[in-house]
Amino acid sequence: MPMSSYDVELIDIVKDFDSGGGPVRAVDHVSVEIEDGEFFALLGPSGCGKTTTLRLIAGFEQPSAGRILIRGLAMEGIPAYHRPVNTVFQDYALFPHLTVEQNIMFGLQMEGVDKKAARKRAEESLELVRLPGVGARKPHQLSGGQQQRVALARALVKQPAVLLLDEPLGALDLKLRKNMQYELKALQRDVGITFIYVTHDQEEAITMADRIAVMNEGVMLQVGSPREIYEHPESHFVADFIGETNFIPGRMLERYPGGYGKVKLANGSIIRAQLSEAFSRADGPVTVAIRPERIGIAALDDRASEEDGEVTALDAVLAERQYIGTDTRYTLRLQAGIELVARLQNINEADSHEFSIGQPLKIRWRQSSTTVLDR
Amino acid sequence: MEARQTLINESAMGRNRAIRQAGRMGLWLNPVFAYFFLWAPILILVLFSFNDSKSVASFTGFTLKWYSNILNNVMGAERAFSTEIMLNAFRNSLFVGAVATAIATALGTLIALAMARGRFPGKGLLDGLLFLPVVIPEITQAISLAIFFKVVFDWFDLISGQRIFPGFHTIIMAHVTFNISYVAIVVRARLADMDPQLEEAANDLGANPWQTFWRVTFPLILPGVIAGALLAFTLSLDDFVITFFTSGVGTSTLPVFVYGLLKLTVTPEVNAISTIMMLLSTLLIGISLAMQGRAASRA
Ligand SMILES: Nc1ncnc2c1ncn2[C@@H]1O[C@H](COP(=O)(O)OP(=O)(O)OP(=O)(O)O)[C@@H](O)[C@H]1O
Ligand SMILES: [Mg+2]
């Protein structure tokens, strides 16, 4: 038996659907390795192939090409009911004709666990999701959040190698969702089961996951820790999808050693900026990405506004100011019609109205805060 | 000038109001007429099944004697009314209904499952064909079945030298053919309401297709299956045209028997039998609808 240290391996997976007007490629050459005990998030916009990827792992769909290994075992030809994975469906898919307890016992009975033992484990599993004492109820007698927990208990009681969760919190209101995020994360840490967690909410992915895979149009664009994904996006799409980002068009002039480059921005300024890891060219059109919270603002007479070896400073005019409680959002206008958004924390109350509209300012950022991307 | 204008406006308004009122009146009367034509004949039938007089000219008083005549084999004035023959016809009806319903329910449910879950070429066409028995005239179906049986039996005779005569088997087969559609349509509606993810969930939890069907799919569509079966049974009990064309000697069902009575004369006993049949059908259809409603509200 070939063993591997990975729980789930996708090897060059392709999935085509033929629907009416020609084939739709839902998953496009995806390869990824997911480690044992990892909280792995699949993140991407609607229709990017997250659910399809999950369904391929679960065995509800068969890949058009490529291989899937679970705990080192090839899954080809193995039906869903023989795979060591369980799914928490987005709308829970609880059996309406069975009680909560019967729902949870269902999977155990399929394994041949006797009724008494199954009942005991169902009860423990309900306690695990902090929902004891509802076993006799029918699913429709529970709230959405409670149904969600039952769906979780029903999957966890099987003690799968991997738990697949398809936007499990999608149907809950914001407050409940935040609570459940913490609970789910804590639960995952306790039980130590690998979670593959589908979401289109980047905040959810960042706060919960050990690693995130960002998908778009069936392609897995980047896989990395939340920090890597946020700080070092390798493509325009990833930088845009995760958090807020300013994009400044420019032209690459020269590549420096150490992952930096000399870029001429559209407004004529020549800056030194960090190159994204995936960036390989030495010239041509580029985009420079910078996060709003990494941009500093200073009055023209501020002595700290000087450029030095590590800091870029540019002239700008304050175009708009928006107070949003913890922060203030500034829209800054550079030459050549470039607009940038900066976000500054309101540490003191006076911070929010320190600068006035139309005021010429110096904006500054650390060169390491920028990322040069393919356009 | 101004006054004239107002006058015209007023008369126009008056006319409009009159039209509106007539329209409203018409709208209000429309259902009254509709319901009258729908129910009056049935009401008259029920009423005269309790009429003391033999003639339908007038209602002379309340009686249950026609009902008791049915059961007690009392001779009518013009001819003998045989309770024995009637009960026999009723038994035939129940037998044909039960067997045809059982077969049609099983086959109709399987077709509904194939239509809802399966992916195969020509599915759209088959789907449309399924509705055919519901929309084509009953007489067409009856004649086509009669010819079909004759052709098949002729062939059989030619090949084996043995003659098959129409009987229960032909009636039952004929009933199955039209009942399948009704069962399939009702069960399919139920299946369409069912979340297909439930079957995937069962699969995911380790249930193979067989277990998934019996533990998840079947319990969830059961109300639809029962509703379809009740509908089929009712249609079977009520059917006259198709049964008439496909029955043989000694296999008369209740509607065929009643038709035989009518050929002589409309006796009050016919009214009584018809009333009983109507009540039975209404009851069965009522239960069927309740099952479908319950199924829908539970989904
Ligand atoms: N059974 C199917 N038949 C045909 N096309 C399909 C099928 N399932 C998915 N697709 C297509 O594959 C693509 C990916 O779908 P998928 O459901 O995986 O997206 P998703 O990332 O889960 O989106 P969402 O966030 O909206 O759930 C879509 O273009 C979708 O239309
Ligand atoms: Mg999805």
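The values are calculated or read from the model by the stated rules, or taken from the named source; none is laboratory data. The model shown is predicted, which means the values in this text are computed figures rather than measured ones. Cβ: placed from backbone, ideal geometry, glycine included. Neighbour counts: every protein chain shown. We work out accessible area using only protein heavy atoms, side chains counted, and drop any ligands, DNA or RNA first. Shrake-Rupley method; radii C 1.70, N 1.55, O 1.52, S 1.80 Å.
Under the combined filter of DSSP loop state and at most 12 neighbouring Cβ atoms within 10 Å, segment B:76-169 retains these trypsin sites (Lys or Arg not before Pro): B:R79, B:R119, B:R163. Dipole magnitude for segment A:244-374: about 420 debye, using +1 per Lys or Arg Cβ and -1 per Asp or Glu Cβ, origin at the Cα centre.
Note on A:E310: accessible area approximately 110 square angstrom, rounded to 10, probe 1.4 Å, nucleic acids and ligands left out. Calculated accessible area for the protein assembly as shown comes out at 51 Å² per residue, all protein chains present (probe 1.4 Å; ligands, DNA, RNA ignored). Expressed as an acute angle from 0 to 90° and rounded to the nearest 10, what is the orientation of the C-alpha long axis of helix A:100-110 relative to the principal long axis of chain A? Rounded to the nearest ten degrees, it is 70.
Evaluating kT/(6 pi eta Rh) at 20 °C and 1.002 mPa s, with the Kirkwood radius of segment A:245-341 over Cα pairs in the Stokes-Einstein relation, gives 146 µm² s⁻¹. Shielding of peptide B:204-215 by partners, expressed as the average count of other chain Cβ atoms within 10 Å per residue Cβ, is 6. Of the residues A:P249, B:N179, A:V219, the one whose Cα sits farthest toward the positive end of the charge dipole of the protein assembly as shown, with +1 on the Cβ of Lys and Arg and -1 on the Cβ of Asp and Glu, is B:N179.
Projecting label points 7 angstrom from Cα along Cα→Cβ for B:D127 and B:Y35 puts them 3.8 nm apart.
Please identify the DSSP H helices in chain B that span no less than 24 Å along the helix axis (Cα) and have a mean Kyte-Doolittle hydropathy of 1.6 or more. Helices meeting the criterion: B:218-238. Treating chain B as a set of equal point scatterers at the Cα positions, no solvent, please give the Debye-formula log₁₀ I(q)/I(0) at q = 0.10, 0.12, 0.15, 0.16 Å⁻¹. The computed values of log10 I(q)/I(0) come out as -0.76, -0.95, -1.21, -1.28. The A:D28 and A:A282 beta-carbon pair, evaluated with R₀ = 25 Å, returns a calculated FRET efficiency of approximately 0.30. Solvent-accessible area assigned to carbon and sulfur over the protein assembly as shown amounts to 59 percent, based on a 1.4 Å probe. Any idea what angle helix A:144-156 forms with the longest principal axis of chain A, computed on alpha-carbon atoms, 0 to 90 degrees, nearest 10? Tilt relative to chain A: about 70 degrees. Here is the list for segment B:224-297: chymotrypsin sites (Phe, Trp or Tyr not before Pro) lying in DSSP coil, each with at most 16 other C-beta atoms within 10 angstrom of its C-beta, are B:F240. Residue by residue along B:191-203, Cβ atoms of other protein chains within 10 Å of the local Cβ number 5 on average.
Its relative contact order, with pairs defined as Cα atoms under 8 Å and 6+ residues apart, puts segment A:38-129 at 15 percent.
Between A:Y323 and A:K264, the contour length at 0.36 nm per residue exceeds the Cα-Cα span by 18.0 nm. Shape analysis of segment A:6-236 yields a ratio of the Cα radius of gyration to the Kirkwood radius, Rg/Rh, of 0.97.
Relative contact order of chain A, taken over Cα pairs closer than 8 Å and 6 or more residues apart, is 15 percent.
Positive end of the dipole of chain B (Cβ unit charges, origin at the Cα centre): among B:G118, B:I147, B:P196, the Cα lying farthest that way belongs to B:P196. Our estimate of slack between B:W28 and B:T282, defined as 0.36 nm per intervening residue step minus the Cα-Cα distance, is 88.7 nm. Computed about its Cα centre, the charge dipole of chain A is approximately 800 debye, with only Lys, Arg, Asp and Glu carrying charge at their Cβ. Under 17 Å from the 7 Å Cα→Cβ point of A:Q367, by amide nitrogen: which residues of segment A:243-264? Only A:251-264 fall inside the zone, counting backbone N under 17 Å.
From the residues B:P209, A:L43, A:G325, which one has its Cα farthest along the dipole of the protein assembly as shown in the positive direction, the dipole being from +1 and -1 charges on Cβ of Lys/Arg and Asp/Glu about the Cα centre? Positive-most Cα among the choices belongs to B:P209.
Charges were assigned to the Cβ only: +1 to each Lys and Arg, -1 to each Asp and Glu. The resulting dipole of the protein assembly as shown about its Cα centre is roughly 2340 debye.
Using a 1.4 Å probe on protein heavy atoms only, how many Å² of accessible area do A and B hide from each other, summed over both chains and rounded to 100? Adding both sides of the contact gives about 1900 Å². Label 7 Å along Cα→Cβ of B:R91; segment B:150-186 residues with amide nitrogen under 20 Å? The answer is B:167-172, whose backbone nitrogens lie closer than 20 Å to the label point.
Take every pair of alpha-carbon atoms less than 8 Å apart whose residues are at least six positions apart; their mean separation over the length of chain B yields a relative contact order of 26 percent.
Compactness check for the protein assembly as shown: Cα Rg over 2.2 N^0.38 Å is 1.47.
The C-alpha atoms of chain A define a longest principal axis, and helix A:174-191 lies at about 70 degrees to it. Under the simplified labelling scheme, the A:E339-A:D16 pair shows an inter-label distance of 4.3 nm, with each label point 7 Å from Cα along Cα→Cβ.
With a 10 Å cut-off around each Cβ of A:55-61, the average count of Cβ atoms from other chains is 2.
For the set A:K50/A:K175; A:K178/A:K262; A:K158/B:K123; A:K138/A:K175, the pairs lying more than 32 angstrom apart at their alpha carbons are A:K178/A:K262; A:K158/B:K123.
For A:E38, the solvent-accessible surface with a 1.4 Å probe is about 20 Å², rounded to the nearest 10. Modelled spin-label separation between B:L110 and A:Y256, with each label point placed 7 Å from Cα along the Cα-to-Cβ direction: 7.8 nm.
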